[in-house]
Amino acid sequence: MLGNQTPGSSCIPHSSPAGTGDVPAGVSPWPGPEHLFCRLVLVQRCRPAWLARKEARLLLHGFDIAEQTVQSVEEAVTELASNAQRHAPAPWQLRVYASYGWLWFALFDAGVASLEQLRRRVRAAMGPPDPLAIGGRGLFLVQSAFSLIVRPAVSEVGGSPGKEVMVGLPLPTEASPLPAA
């Protein structure tokens, strides 16, 4: 377990919020249910990856975020939503958390059986992907650009168990419309 991580989660930090000085002592820097900013239920017939991408872009319009970063977040959210749609059962949800100067974009799915397998894939994403493999590049690219967390979660829709895969984006403090935590 790294830093003040949520029990049962797996994190591959790109730049960790732990140690930034913004997090009070004894408080986990990783977002909890109290940090949920918005949630979008994704359904198969509504092109989940496309919808998650558009929602992320719309949300980021409220922040002073460089267009290149917005595009990177869109790509990461699209990758996570596509992976959830391809590899895990519904329900799928895009969840956005605001915690101590960070925005966390999380994709929830009901694929609880694949949690440990995904954690292994995330840890493997720390190195470059196999150039001969057909897939496996998406998590590497997402992890290269953002903090990445995999943790167990529960759906607010029906209470089904599952997992969240999250990417963290540090916000410029002077531009954040969010209240201080």
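Readers should treat all values here as calculations from the given coordinates under stated rules, not as data from a laboratory. The model shown is predicted, which means the values in this text are computed figures rather than measured ones. Every residue, glycine as well, gets a Cβ built from its backbone with ideal geometry; the counts of neighbours run over all protein chains shown.
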Can you tell me the length gained on complete extension of the stretch Phe37 to Gln117, counting 0.36 nm per residue apart and subtracting the Cα distance?
26.0 nm
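Quick one: net charge of Gln68's neighbours, Cβ under 15 Å, K/R +1, D/E -1? The partial results should precede the final answer.
Numbers: positive: Arg57; negative: Asp64, Glu67, Glu74, Glu75.
Once all neighbours under 15 Å are counted, the net charge is -3.
Mind checking the full-extension length gain between Leu58 and Phe140? Use 0.36 nm per residue of separation minus the Cα-Cα distance, one decimal, nm.
Values: separation 82, 0.36 × 82 = 29.52 nm, distance 2.53 nm.
My answer for the length gained is 27.0 nm.
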For labels at Glu75 and Arg47 in the simple 7 Å Cα→Cβ model, what's the distance in nm?
2.0 nm
When Lys and Arg each count +1 and Asp and Glu each count -1, what net charge do the other residues less than 12 Å away from Val167, Cβ to Cβ, add up to?
-3
Compute the length gained on full extension between Arg86 and Ser160: take 0.36 nm times their separation in residues and subtract their Cα-Cα distance, giving the result in nm to one decimal.
24.8 nm
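Please sort 79-86, 66-73, 164-171 by packing, taking for each peptide the average over its residues of neighbouring beta carbons within 10 angstrom, highest first.
Details: 79-86: 21.2, 66-73: 13.8, 164-171: 23.0.
Highest mean packing first, the order is 164-171, 79-86, 66-73.
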